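First up is the structure itself, then whatever we jot down about it.
The values are calculated or read from the model by the stated rules, or taken from the named source; none is laboratory data. Not measured: the values here are computed from a predicted model. For neighbour counting, all protein chains shown are included, and Cβ atoms are generated from backbone atoms with ideal geometry for every residue, glycine included.
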Amino acid sequence: MQIAQYIKELAAKALAALYDIQADASQVTLNETKPEFEGDYTIVLFQYVKQARKSPEAMGQEVGAWMLANSEGNLTAFNVIKGFLNLSVAEAYWIQFLENHYQSDYGRHASNGKKVMVEYSSPNTNKPLHLGHLRNNFLGWSIAELYQWNGYDVRKTCIVNDRGVHICKSMLAWQKFGNGATPESTGMKGDHLVGDFYVQFENALRKEAAPLQEQLLAGETIATLDEATAAKATLLHQKLQDANLPAEKKAEITDELKDIARNATTLMQEVRQMLLKWEQGDAATVNIWRMMNGWVYAGFDTTYKRIGSDFQTIYYESETYLLGKQYVDEGLEKGVFYKKEDGSVWIDLTAEGLDEKLVLRKDGTSVYITQDIGLAKRKYEDYPMEQSIYVIGDEQNYHMHVLQLICKKLGMPFADGIHHLSYGMVDLPTGRMKSREGTVVDADDLCDEMEKVAAAKTEELGKVEGFTQAELQQLYHTLGLGALKFFLLRVDPKKRMVFNPEESIDFHGFTGPFVQYTFARIQSILRKTNWVQPTAATKFSASSLQPLEKQLIVLLEQFPQTLKAACDEMNPSLVANYAFNLASLYNSFYAKHSIVNAESDEARQLRLHICALTAHVIQNSMQVLGIAVPARM
């Protein structure tokens, strides 16, 4: 048990013994004592003052005295400042902690027997992975790792969006413009080749749609539109003429008219016809689909291996898109859903503050929410888990809320365990990325760029002596990918962020390379001193610790609770911040105190022990983030 948890539980016992206040330890507010006051941890007592019928000062004195008397020597002193109870932890506790924790897997919890599924990545097979996918992959992998470190049995899964209109766009472009091109004939990775065809399609579509869009915006009709769509276009144009219409609403209507024009093109008609053929099992269409998807999967595999993403189970939309219909029938029988006159099936979620949601079209075909209900059930059947985490961008907040509500109303056993890890999008300094316009940053290209920046920075600092060329290439990969992952994970997932490659790889800032360099520095010290891993018999006297020695030990002792908090909040940025703070504090310690030439042999051994445990914790922190740490830099 960490000392913070011990103090919380002791405080709860004190409140019960002194005032008959039944407080749960988790409800006790505990902070690190501010540097200007004496103490290590501070309990905030204000929330209990009314129940105790004491002044904050008097209550602090009584609680402090009781805790000191019942702390079994773990607490040595206390002081009270305006209702804040500051407690000092015995130096013997910190020494004992250091003696007892020397294992390389320090921080890992024993198995708790609980199962968790983490779904992440979710790529489309019409383009390569890009920067947005990287934040998703790094978050998903790190969340899975956090749960594993906290004792959970974790299954990592991925749903591949391998069917639909967007996939047919690349297929049609290959037929029209490809001239039989293959990854072998072009020398391109398969996912990049298919992505290029998607962009070619969108360029051709934009060109064909432009005059049609001008017609609709001018109030003219398009001959190929059906009666209902033509009427809608006319109504939208009329609304657009309103001089009092807000600019934002005007932009929305303009986009609607442009979409109508896009869908009226012959290219989009051909795409819809191709999708229909695929759904009917047309051999020629299915063969093209299999061939091009095969190219993409080979490309994905290469990228996943490079960035360190892996999955135990991969689901494919082409195999799951028909799932869920039987649950619509069940929902109709239970009164969860209702059928409209046209035969379509809906759910009314207005009581939950939402709206009515379509779950089955009038022609009997499913919509995305129907498929997701079926897939959620399939996942639970494959791996009965207490928690099912979906790592999906925040633009899907509404959809995921609806999915959980429907599963709850259907009485599905996994519904309460559904959790949407909603994260913000990643922008570039130049603005938002757009797949249609080919302005996304490919993951492979970004990894290449990061390795080049890592090489330039390393060579600029003159840190390349004694490395073979192969070792340098591995080092640049480790630094470049580490910088990329750390930069994307150091921000709270809920926040939108801007990624800057140059800023991410600074060796002196809040970056992965700074933490990696600190680990390499410690390894160099341990090599020079021929340090040997201690055993359980290693003991140190409880003589007075130097302030920076104690600060490091205190921070090291907090590692397991940092992992727990990051897991509970599904927030890897807590670990990234912890690793950076630990590396920063270690460098202050290193600058202040000699290690190799310490004032005594005991001081030398103590500091080497602190160095070794710091290295373990840095390595474990970075492992949770999916980042390797080099032994030499």
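Points worth noting:
- Listed here are the helices (runs of 4 or more DSSP H) enclosed by the stretch 444-555 that have at least 3 residues being in contact with a Ser or Thr (Cβ under 7 Å, 6 or more places away or on another chain) and buried (at least 19 other Cβ atoms within 10 Å of the Cβ): 469-489.
- Restricting attention to the stretch 160-172, the residues being under 14 Å from MET291 (Cα atoms) and among the polar types (S, T, N, Q) number 1.
- When residues of the stretch 556-581 are limited to those that are within 22 Å of ARG607 (Cβ to Cβ) and touching a residue at least 60 places away in the same chain (Cβ under 8 Å), the one surrounded by the most Cβ atoms within 10 Å (Cβ to Cβ): ALA579
- Test: residue in the stretch 318-328 that is surrounded by fewer than 20 Cβ atoms within 10 Å (Cβ to Cβ), in contact (Cβ under 8 Å) with a residue 60 or more places away in the chain, of a type outside the set (Phe, Trp, Tyr) and in a loop (DSSP other than H, G, I, E, B): no
- In the stretch 173-190, the residue that is nearest to GLY294 (Cα to Cα) out of those that are part of a helix (DSSP H, G or I) and without any contact (Cβ under 8 Å) to a residue 40 or more places away in the chain is GLU184.
- In summary, VAL271 fulfils each of the numbered conditions (1) surrounded by fewer than 16 Cβ atoms within 10 Å (Cβ to Cβ); (2) part of a helix (DSSP H, G or I) with the single exception of condition (1).
- Of all residues in the stretch 433-448, those that are over 11 Å from HIS133 (Cβ atoms) have Cβ atoms under 7 Å from Cβ atoms of residues that are at pLDDT below 50 and not aromatic (Phe, Trp, Tyr), 6 or more apart or on another chain, in THR439/MET433.
- Residue match in the stretch 152-165 (condition: of a type in the set (Asp, Glu), more than 29 Å from GLN558 (Cβ to Cβ), part of a strand (DSSP E or B) and at pLDDT 95 or above): no
- Any hit, the stretch 473-485, residues being touching a Leu at 6+ places or on another chain (Cβ under 9 Å) and charged (D, E, K, R): yes
- Looking across the stretch 214-266, the residues that are touching a residue at least 40 places away in the same chain (Cβ under 8 Å), surrounded by 12 or more Cβ atoms within 10 Å (Cβ to Cβ) and under 24 Å from HIS166 (Cβ atoms) come down to LEU216, ILE222, THR224, LEU257, LYS258, ILE260, ALA261, ARG262, ALA264, THR265.
- Of the criteria (1) modelled with pLDDT under 90; (2) under 30 Å from GLU119 (Cα atoms), which one ALA536 fails: (2)
- Only one of the numbered conditions (1) surrounded by 18 or more Cβ atoms within 10 Å (Cβ to Cβ); (2) modelled with pLDDT under 95; (3) under 30 Å from TYR152 (Cβ atoms) is violated by ALA52, and that is (3).
- Residues being in contact with a Pro (Cβ under 8 Å, 6 or more places away or on another chain) and farther than 20 Å from THR266 by Cβ are entirely absent from the stretch 244-255.
- Qualifying strands (runs of 3 or more DSSP E) (wholly inside the stretch 356-435; at least 1 residues being closer than 14 Å to GLU119 by Cα and at pLDDT 95 or above): 387-393, 418-423
- Scan of the stretch 276-293 for residues that are surrounded by 13 or more Cβ atoms within 10 Å (Cβ to Cβ), within 34 Å of the chain's Cα centre (by Cα) and of a type outside the set (S, T, N, Q), ordered by number: TRP289, MET291, MET292
- Selected residue (criterion: farthest from LYS550 (Cα to Cα)) from residues of the stretch 1-33 that are surrounded by 12 or more Cβ atoms within 10 Å (Cβ to Cβ) and charged (D, E, K, R): LYS13
- Those helices (runs of 4 or more DSSP H) lying entirely in the stretch 12-113 with at least 2 residues over 28 Å from VAL617 (Cα atoms): 46-52, 56-69
- Single residue of the stretch 596-613 satisfying the filter (over 14 Å from HIS101 (Cβ atoms) and part of a helix (DSSP H, G or I)) that is farthest from the chain's Cα centre (by Cα): ASP601
- Residue satisfying condition, being among the polar types (S, T, N, Q), surrounded by 24 or more Cβ atoms within 10 Å (Cβ to Cβ) and either in contact with a Phe, Trp or Tyr (Cβ under 9 Å, 6 or more places away or on another chain) or not in a helix (DSSP H, G or I) (or both), within set SER170, SER142: SER170
- Residue count, the stretch 229-268 (criterion: of a type in the set (Gly, Ala, Ser), more than 25 Å from GLN200 (Cβ to Cβ) and either part of a loop (DSSP other than H, G, I, E, B) or touching a strand residue (DSSP E or B) at 6+ places or on another chain (Cβ under 7 Å) (or both)): 1
- Among residues of the stretch 608-633 that are at pLDDT below 95, those with a Cβ under 7 angstrom from a residue that is aromatic (Phe, Trp, Tyr) and assigned to a helix (DSSP H, G or I), sequence gap 6+ or separate chain, pair up as MET633/TYR517.
- Residue within the stretch 99-112 that is surrounded by 21 or more Cβ atoms within 10 Å (Cβ to Cβ) and among the small types (Gly, Ala, Ser) present: yes
- ARG163 meets each of the listed conditions (1) surrounded by 15 or more Cβ atoms within 10 Å (Cβ to Cβ); (2) out of contact with any Asp or Glu (no Cβ under 8 Å at 6 or more places or on another chain) apart from (2).
- Filter pass, LYS127 being within 27 Å of ARG272 (Cα to Cα), outside any helix (DSSP H, G or I) and either touching a residue at least 24 places away in the same chain (Cβ under 8 Å) or basic (Lys, Arg) (or both): yes
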